Structures are given as structure tokens and as C-alpha cells.
Amino acid sequence: MTTSVLLSIIVPVYNEEIALPLFNEQLIKVINPLNITYEIIYINDGSADNTEAIILNLRNQYPEIAYTKFSRNFGKEAAMTAGFKLCRGEAAIIIDADLQDPPTLIPAMLKAWRNGADIVNMKRASRESDTYWKKTTASLFYDLIGKIGEVAIPHNVGDFRLFSRLAIDAMNQLPERSRFMKGLYAWVGYPQATIEYVRNGRVAGYSKWPFLKLVRLAWQGITAFSTMPLKIATWLGLISAGGTFIYASYFILKTLVTDETVQGFPTLIITILFIGGIQLFCIGILGEYIALIYTEIKQRPIYLIEKYFSSK
Ligand code: UDP
Ligand code: MG
């Protein structure tokens with residue numbers, strides 16, 4: 001793809017009417033003195049508030065702003081995917097609109113890119129703004145996926161990153177529908193650099209990631225990058241079949257050697273329920289992967305664009 005600006009800033013936005021003007025102001029304040037050509041792509045992920053009017057208004061003031069709107073809320077992963085497709089920079093930075101990712105770090109990211117990194121990962125030095133619960137579960141998740149996944153996903157690195165044109169084009173080649181972006185970034189490889197930073201709290205509005213949505217994202221990450229759950233099913237099956245065989249042999253021997261009458265209704269019912277439970281569990285895991293195949297095979301687009309205005 002031909003590039004026409006040096007830097008694209010990709011901003012997924014979903015109901016950010018309060019944070020947006022503050023964010024845009026800070027961003028421009030950081031980029032303008034750099035004397036580079038740039039575009040800011042706001043991707044409105046189906047906001048229901050005043051987000052659109054605010055962006056269009058900003059676009060009248062700042063010709064560098066491009067705007068696109070999805071036909072409904074498709075999620076941040078879809079918005080970032082669209083950002084990669086639309087961006088025209090030699091490098092692109094993905095940044096949240098709520099100022100949790102400080103725009104002041106952009107010069108340092110550009111420097112790391114100029115020093116040869118194709119992906120610059122921004123690592124949260126502390127997660128002070130997160131609850132203890134979120135910190136622990138996030139850390140457990142990264143440990144787990146590091147052990148069972150096909151690629152190592154760096155700890156505490158979110159979507160705030162810089163990508164070179166090489167990495168952007170690589171991302172654009174990945175056609176999958178279940179887009180666990182943090183995994184895909186690790187999967188593409190290339191020289192990567194890491195910069196630590198302190199993540200602020202949100203300036204305004206609320207987080208769009210309630211706990212259950214995070215669990216869903218974690219499960220999506222695990223199933224997209226590991227077939228370990230399927231292997232667990234196999235192992236559970238083997239262990240329970242082996243255990244049953246030993247248990248059965250014991251009873252057969254006991255009946256042959258002693259003349260005790262057959263007892264054990266509780267054992268029977270427990271065994272039946274146990275095996276039944278394992279079977280349902282394993283079928284469930286199988287089902288999860290079949291559902292993934294189903295989603296992929298339908299080949300639906302990852303998002304639908306309702307309107308697009310390029311930068312001027
Ligand atoms: N976002 C989005 N689509 C969604 C949810 C969030 O585009 O369905 C955007 C949101 O507007 C923000 C960024 O993604 O710019 C990060 O979202 P949020 O701050 O809610 O996540 P958190 O920082 O709590 O992880
Ligand atoms: Mg946030």
C-alpha cells in the first residue's frame with residue numbers, strides 16, 4: 001500500500017463524548033511540534049451519544065482528521081482492524097480516546113520505531129488504576145496463555161502500540177474473524193521494542209469492559225491461540241477410562257476371590273454421574289471449537305462501514 005503521511009493515529013471510540021475534546025486537544029498539542037505529516041483516524045464503533053457530532057466538528061478545525069462510522073457496535077478489536085485497513089501512514093499508533101494512554105509518549109514511540117522496531121509495545125509499569133481483582137486475573141491470564149498458547153504474549157501490554165508499515169501490512173493479511181489482537185500482534189513477530197509507562201485513570205466516562213466481557217475476551221484468546229482445552233478433554237477421557245478399568249478389575253477379582261454379595265448403589269450412581277459430567281464437559285469444549293469454525297466459515301465481514309470521510 002502507498003503511504004501518504006508519516007504517522008497515522010488510530011483511535012477507536014465508543015460513547016466518548018466527554019473525553020474526546022480533551023483527548024484531541026492533548027494529542028494535537030503533542031504532535032504539532034513534531035513537524036511531521038500525520039492523520040488522526042477516529043473510528044466510531046456505533047456510539048449512541050454525541051460522539052459523531054463532536055468528531056465532525058473537530059474535523060472542520062483540523063484537516064488531519066479522518067472519520068469513519070460503523071453501522072453498529074462491533075467491538076474494539078473490529079475497530080482496530082478497520083484502523084489498520086484505512087491508515088495511510090508509514091507507521092501507525094493505536095491509542096484509546098479516554099487519555100489512559102498518554103499522547104505525550106508518542107515522540108518516544110517514534111524514536112523506537114526509527115531505531116528499527118516494527119512494533120513498539122507500551123508496557124504498563126504499574127496498574128494502579130486497576131482493581132486488585134483485575135490485576136490478579138489479568139496476570140493469571142497472561143501466565144496461562146504464555147504456557148499453553150502458540151505464541152508468548154507480553155504481560156501488561158495493551159493495544160497502545162506503534163506499528164511500522166511492514167507490521168500493518170502483516171496485520172492486514174490476517175483474515176480471521178475471531179480477532180484477539182494482542183495474540184495477533186505477537187504472532188506477526190518482527191523486531192519489537194518495549195517502553196514502560198504509567199497508565200492513568202480514565203479522564204471521563206466509564207470503562208466498556210465489564211468483567212464478563214473480559215472473561216469472554218480471555219476465552220477467545222485461549223481458543224484462538226491454543227488447542228490445549230481439546231487436549232484436556234482427551235486427557236480427562238483417558239484418565240477416567242483408565243480409572244474405571246482399574247476399579248472394575250478390582251470388583252471382578254473381589255467377586256471371584258470372596259463370596260460377598262454385590263453392593264454399591266452409591267458407587268454406581270456417582271460413577272455414572274461423574275462420567276456423564278466429564279462427557280458433557282468435553283463435548284462442550286469440542287462445541288466451542290466447532291463454534292469457532294462456524295464463525296470463520298460464514299466469512300462475514302468483521303465490521304460494516306456506514307460512512308467514511310478521509311482527512312482533507
Ligand atoms: N471501545 C470501542 N468499542 C467498544 C469498547 C471500547 O471502540 O466496544 C474504545 C473506547 O472508546 C476506548 C477504547 O476502546 O477508546 C478502550 O475502551 P475502554 O476505556 O472502555 O477500555 P479499558 O481502558 O477500560 O480497558
Ligand atoms: Mg480505558
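Take the residues in the range 160-196 that are assigned to a loop (DSSP other than H, G, I, E, B) and of a type in the set (D, E, K, R), then tell me which one is farthest from A79 (Cα to Cα).
Within the range 160-196, the subset assigned to a loop (DSSP other than H, G, I, E, B) is 172-180, 189-191.
Keeping just the survivors that are of a type in the set (D, E, K, R) gives 176-177, 179.
Details: E176: 14, R177: 13, R179: 11 Å.
Checking each candidate, the answer is E176.
Quick one: is A125 closer than 16 Å to Y308 by Cβ, of a type outside the set (S, T, Y) and touching a residue at least 40 places away in the same chain (Cβ under 8 Å)? For A125, the condition - closer than 16 Å to Y308 by Cβ, of a type outside the set (S, T, Y) and touching a residue at least 40 places away in the same chain (Cβ under 8 Å) - is not met. Would you check which residues across the range 94-122 are within 15 Å of ligand 1 (Cβ to nearest atom), in a strand (DSSP E or B) and in contact with a Pro (Cβ under 9 Å, 6 or more places away or on another chain) and list them? Residue satisfying the conditions is I94 alone.
Results for (1) farther than 30 Å from I297 by Cβ; (2) within 16 Å of ligand 1 (Cβ to nearest atom); (3) out of contact with any Phe, Trp or Tyr (no Cβ under 7 Å at 6 or more places or on another chain), shown as yes or no for each residue.
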position: N200; (1), (2), (3): yes, yes, yes
position: W219; (1), (2), (3): no, no, yes
position: I222; (1), (2), (3): no, no, yes
position: T227; (1), (2), (3): no, no, yes
position: K231; (1), (2), (3): no, no, yes
position: G237; (1), (2), (3): no, no, yes
position: S249; (1), (2), (3): yes, no, yes
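Those residues that are out of contact with any strand residue (DSSP E or B) (no Cβ under 8 Å at 6 or more places or on another chain) and not aromatic (F, W, Y), I need them from the range 68-99; list them, please. Those that are out of contact with any strand residue (DSSP E or B) (no Cβ under 8 Å at 6 or more places or on another chain) and not aromatic (F, W, Y): R72, N73, G75, E77, T81, K85, D98, L99.
Return a yes/no flag: does the range 146-159 have any residue that is within 16 Å of K208 (Cβ to Cβ), assigned to a helix (DSSP H, G or I) and of a type in the set (D, E, K, R). Checked the range 146-159: no residue is within 16 Å of K208 (Cβ to Cβ), assigned to a helix (DSSP H, G or I) and of a type in the set (D, E, K, R).
Given A233, A248, which one is surrounded by 15 or more Cβ atoms within 10 Å (Cβ to Cβ) and without any contact (Cβ under 8 Å) to a residue 60 or more places away in the chain? Explain how you work it out, then say what you get.
Values: A248 fails: surrounded by 15 or more Cβ atoms within 10 Å (Cβ to Cβ).
Of the residues listed, the single one that is surrounded by 15 or more Cβ atoms within 10 Å (Cβ to Cβ) and without any contact (Cβ under 8 Å) to a residue 60 or more places away in the chain is A233.
Per-residue answers, yes or no, for (1) surrounded by 13 or more Cβ atoms within 10 Å (Cβ to Cβ); (2) modelled with pLDDT of 80 or more:
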| position | (1), (2) |
| --- | --- |
| A218 | yes, yes |
| T223 | yes, yes |
| L256 | no, yes |
| L273 | no, no |
| Q299 | no, yes |
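A single entry from I55, I65, I28, I95 fulfils the requirement of being out of contact with any Cys (no Cβ under 7 Å at 6 or more places or on another chain) and closer than 23 Å to Q192 by Cα: I95.
Residues that are of a type in the set (V, I, T) and under 17 Å from F163 (Cβ atoms) were ranked within the range 3-30; the one that is surrounded by the fewest Cβ atoms within 10 Å (Cβ to Cβ) is T3.
Against the definition (of a type outside the set (D, E), surrounded by 15 or more Cβ atoms within 10 Å (Cβ to Cβ) and modelled with pLDDT under 85), how does L268 come out, yes or no? It would help to see each step written out before you state the result.
Numbers: of a type outside the set (D, E): yes; surrounded by 15 or more Cβ atoms within 10 Å (Cβ to Cβ): no; modelled with pLDDT under 85: yes.
The answer is no for L268.
Of all residues in the range 105-122, those that are under 23 Å from the mean Cα position of the chain (by Cα) and under 12 Å from A91 (Cα atoms) total 7.
Take the residues of the range 1-60 that are touching a helix residue (DSSP H, G or I) at 6+ places or on another chain (Cβ under 7 Å) and in a loop (DSSP other than H, G, I, E, B): which is nearest to ligand 2 (Cβ to nearest atom)? Among them, the one singled out is E16.
Within the bounds of the range 76-87, is there any residue that is within 16 Å of ligand 1 (Cβ to nearest atom), among the small types (G, A, S) and over 20 Å from I168 (Cβ atoms)? No, that holds for no residue.
A count restricted to the range 123-145 and to residues that are within 16 Å of ligand 1 (Cβ to nearest atom), in a helix (DSSP H, G or I) and of a type in the set (D, E, K, R) stands at 2.
The values are calculated or read from the model by the stated rules, or taken from the named source; none is laboratory data. On a predicted model such as this, the values are computed, not experimentally measured, just so you know. No Cβ is skipped: glycine too gets one built from the backbone with ideal geometry, and neighbour counts run over all protein chains shown.
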